[in-house]
2 protein chains.
Amino acid sequence: MEKTDKILDLFKNDKDAYHSGEEISASLGISRQALWKHIEKLRETGYAIEAVPHLGYKLLGVPDRVLAPEIKWHLNTKTLGKTVYSYEAVGSTNNIAYKLAEEGAREGTIVIAEEQTKGKGRLGRSWISPDASGIYLSCILRPEILPNEVPAITLVAAVSAVKAIREFSGIKALIKWPNDIIIADRKAGGILTELKAEMDRVNFAVLGIGINVNTKKSNLPKGATSLKEESKSSRDFSRVDLIRAFLEAMDREYLKFKKSGFSAIRSELKSYSCTLGRYVKIATSNGKKVQGKATDINKSGALVIKLDNGTKQLFLSGDVTLLR
Amino acid sequence: MEKTDKILDLFKNDKDAYHSGEEISASLGISRQALWKHIEKLRETGYAIEAVPHLGYKLLGVPDRVLAPEIKWHLNTKTLGKTVYSYEAVGSTNNIAYKLAEEGAREGTIVIAEEQTKGKGRLGRSWISPDASGIYLSCILRPEILPNEVPAITLVAAVSAVKAIREFSGIKALIKWPNDIIIADRKAGGILTELKAEMDRVNFAVLGIGINVNTKKSNLPKGATSLKEESKSSRDFSRVDLIRAFLEAMDREYLKFKKSGFSAIRSELKSYSCTLGRYVKIATSNGKKVQGKATDINKSGALVIKLDNGTKQLFLSGDVTLLR
């Protein structure tokens, strides 16, 4: 842990108390002068720290930024978020995480940014990622699965995101198979899983998730929404709290998936689906297009479409449009 | 083209002639002094260049090295080998090609080395790659296919390698599904395909191939062999010529595959297979093991195993041992 993280930990563990400079310096084994420099560094990052002569320091407020120590603080996970890299602006968190994974970063490593200048969606599309209003997070996973099982990772993340959003905000988020998070028929989030693989093993997967949290509709593409736009409250949501809720949910769901496979999350996925039971159009990246009723998500995570002529077709991925 | 490549081109286009320094310098638009430096550079690389006063220069011999200009010279391909990076010793040609692909290298770019110090096989195994005796080549491909179609790339390369070896040496090489090249029941080559992908598209694939060409048995692992060990000739094979034969074969087969899919190469693959019709043991990377008769390679490239109880199982990858 860095010294500044330790100071924050001291403050947070006894929120209402003043902590004397003497006490903190002694506990960290540093000089009063060094402590003062760390306090200044924290203030520059946005932490509001009061200093009262003869009493000491007190933490008055934390910045509304997705900072690593805020995300990691007493995070209740086994794997996810043990290492967190947080950035101001990046091109794409997935690209950074992919490079870290190639260099050997451990499973569960998180990359997060306030803003993405080249946020990525599926199939080379862009993901609008305005500054300090959404969650733009990537996670390095190293599951011992075959490449054709990787689509399940996207579904595990979708279930985790929807659970986290519901618990955190009460908003009834749904999943549009395979990778969209939907609120009130509008897109509030999306997942992009990228992988490095051989034929019979996955070297690693990078799970990227974008959630529009406090983003104003005017900053979003058509058909998109954000948690704040769909909530009754005028207050901003804490992105750090939602990130923590997502990481804790994903940590649990991913562990279940690693133990028992996709079946472990299938029924929950189906219960959160806004696709099942609907008449849909699906277009695949190799140019196939069909219409029919989405009747099931099968044991492998494939969407089952019942065509008008009664035959059923399976899809492992594709763009779904809900028709009626 | 580099100046040295242009000089080689001049020599090769009229092999028996002496080329005057004046003529070459004029044709390249450089000084006699600069020409002399290029000639020295070529000699250092191993080219035998005679210089006769009043007559000029003549190419007497090319080095037995896998040099880019030798591989590219009048290579009859549409896509493969337009760009060739050749190295002395590298860790792994696949790793270098993967990085180049991430940086945007075009389809067909080749990475080749005299020696690999960390040659890779499937599932993190090593591929013994002693200096100047085998082919260690990686090729960047950008096929517009789904990730689950990528195993076919390995099979396309296997067919191409076997065709090239047969045409080049007359040796009856066979394919042990999915990725081994077999001569007289021993392993003479292998293929490792790695990919970067999303759920519904392949960003790129790196096709790595290793062929034991002139390698002595004492330098090979148990059960392995080389073309030279299996040939009656005591002469070394030209690795450059075999590389060129492979690239030309692969260029044709890959084009067929891109046009018509795996079906375009399926019957040839089956005819070169040493697996079909045999009683085999297959072990998959997720721990599954079965025994039975290998009866077919299906439309997707999967191996069909008929178990003792008569039921059939499909395998997309795995380690096959030929039992009887």
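The values are calculated or read from the model by the stated rules, or taken from the named source; none is laboratory data. The model shown is predicted, which means the values in this text are computed figures rather than measured ones. Heads up, the Cβs are rebuilt from the backbone with ideal geometry, glycines too, and the neighbour counts pull from every protein chain shown.
Every condition in (1) in the same structural domain as A:I135 (by TED's automatic domain parsing); (2) part of a loop (DSSP other than H, G, I, E, B) is met by A:H54 except one, and the failing one is (1).
Would you check if there is a residue in segment B:226-244 being closer than 26 Å to B:L316 by Cβ and modelled with pLDDT of 95 or more?
We begin by selecting, within segment B:226-244, every residue closer than 26 Å to B:L316 by Cβ; these are none.
Checked segment B:226-244: no residue is closer than 26 Å to B:L316 by Cβ and modelled with pLDDT of 95 or more.
Within segment A:117-147, the only residue that satisfies the criterion of being without any contact (Cβ under 8 Å) to a residue 12 or more places away in the chain and in a helix (DSSP H, G or I) is A:G124.
Residues in segment A:264-298 that are farther than 22 Å from A:A161 by Cβ, assigned to a loop (DSSP other than H, G, I, E, B) and in contact with a Ser or Thr (Cβ under 9 Å, 6 or more places away or on another chain): A:T284, A:S285.
Counting the residues of segment B:291-302 that are surrounded by 13 or more Cβ atoms within 10 Å (Cβ to Cβ) and away from every other protein chain (no Cβ under 12 Å) gives 8.
Could you tell me which of the residues A:I171, A:I140 is farther than 15 Å from A:L242 by Cβ and either in the same structural domain as A:K256 (by TED's automatic domain parsing) or surrounded by 24 or more Cβ atoms within 10 Å (Cβ to Cβ) (or both)?
From the options A:I171, A:I140, the qualifying one is A:I140.
Scanning segment A:185-197 for residues that are surrounded by 23 or more Cβ atoms within 10 Å (Cβ to Cβ) and more than 10 Å from chain B (Cβ to nearest Cβ) turns up A:A188, A:G189, A:G190.
A:K288: surrounded by fewer than 20 Cβ atoms within 10 Å (Cβ to Cβ) and more than 14 Å from chain B (Cβ to nearest Cβ), yes or no? First the steps, then the outcome.
Values: surrounded by fewer than 20 Cβ atoms within 10 Å (Cβ to Cβ): yes; more than 14 Å from chain B (Cβ to nearest Cβ): no.
No.
Quick one: would you say A:K58 is closer than 30 Å to A:R252 by Cα, out of contact with any Ser or Thr (no Cβ under 8 Å at 6 or more places or on another chain) and surrounded by fewer than 21 Cβ atoms within 10 Å (Cβ to Cβ)? Spelling it out, it is not the case that A:K58 is closer than 30 Å to A:R252 by Cα, out of contact with any Ser or Thr (no Cβ under 8 Å at 6 or more places or on another chain) and surrounded by fewer than 21 Cβ atoms within 10 Å (Cβ to Cβ). Annotation: of all residues in segment A:152-168 being over 20 Å from A:T79 (Cα atoms) and surrounded by fewer than 23 Cβ atoms within 10 Å (Cβ to Cβ), the one that is nearest to the other protein chains (Cβ to nearest Cβ) is A:R166. Can you say whether B:I171 is away from chain A (no Cβ under 14 Å), hydrophobic (A, V, I, L, M, F, W, C), outside any strand (DSSP E or B) and more than 12 Å from the chain's Cα centre (by Cα), as far as the supplied structure shows? Answer is yes for this residue. Just one residue in the set A:D200, A:D236 is among the acidic types (D, E), in contact (Cβ under 8 Å) with a residue 40 or more places away in the chain and more than 14 Å from chain B (Cβ to nearest Cβ); that residue is A:D236. Confirm whether A:Y87 is under 21 Å from A:N219 (Cβ atoms), aromatic (F, W, Y) and out of contact with any Leu (no Cβ under 6 Å at 6 or more places or on another chain). Criteria met by A:Y87.
Taking segment B:204-223 as the range and being touching a helix residue (DSSP H, G or I) at 6+ places or on another chain (Cβ under 8 Å) and part of a strand (DSSP E or B) as the test, the residues that pass are B:F204, B:A205, B:V206, B:L207, B:G208, B:I209, B:I211, B:N212.
Tally time: how many residues in segment A:299-324 are of a type in the set (A, V, I, L, M), assigned to a strand (DSSP E or B) and closer than 21 Å to A:I182 by Cα? Step through it out loud before you land on a result.
Applying the first criterion (of a type in the set (A, V, I, L, M)) to segment A:299-324 yields A:302-305, A:307, A:314, A:316, A:320, A:322-323.
Checking the rest, the ones that are also assigned to a strand (DSSP E or B) come to A:303-305, A:314, A:320, A:322.
Those left that are additionally closer than 21 Å to A:I182 by Cα: A:303-305, A:320, A:322.
The total comes to 5.
If we scan segment A:99-110, do we find a residue that is within 14 Å of chain B (Cβ to nearest Cβ), modelled with pLDDT under 95 and assigned to a loop (DSSP other than H, G, I, E, B)?
There is no residue in segment A:99-110 that is within 14 Å of chain B (Cβ to nearest Cβ), modelled with pLDDT under 95 and assigned to a loop (DSSP other than H, G, I, E, B).
For first residues located in segment B:51-66 and touching a residue at least 40 places away in the same chain (Cβ under 8 Å), partners that are assigned to a loop (DSSP other than H, G, I, E, B) and acidic (D, E) and lie 6+ apart or on another chain with Cβ distances below 9 Å form the pairs B:K58/B:D16; B:D64/B:D236.
Of (1) over 30 Å from B:L141 (Cα atoms); (2) modelled with pLDDT of 95 or more; (3) among the basic types (K, R), B:K78 satisfies all except one. Which? Looking at each condition in turn, B:K78 falls short on (1).
Being within 24 Å of the chain's Cα centre (by Cα) and farther than 30 Å from A:S133 by Cβ narrows it down to one of A:A249, A:A224, A:A294, A:A302, so name that one.
Values: A:A249 fails: farther than 30 Å from A:S133 by Cβ; A:A224 fails: farther than 30 Å from A:S133 by Cβ; A:A294 fails: within 24 Å of the chain's Cα centre (by Cα).
Sole residue among the options that is within 24 Å of the chain's Cα centre (by Cα) and farther than 30 Å from A:S133 by Cβ: A:A302.
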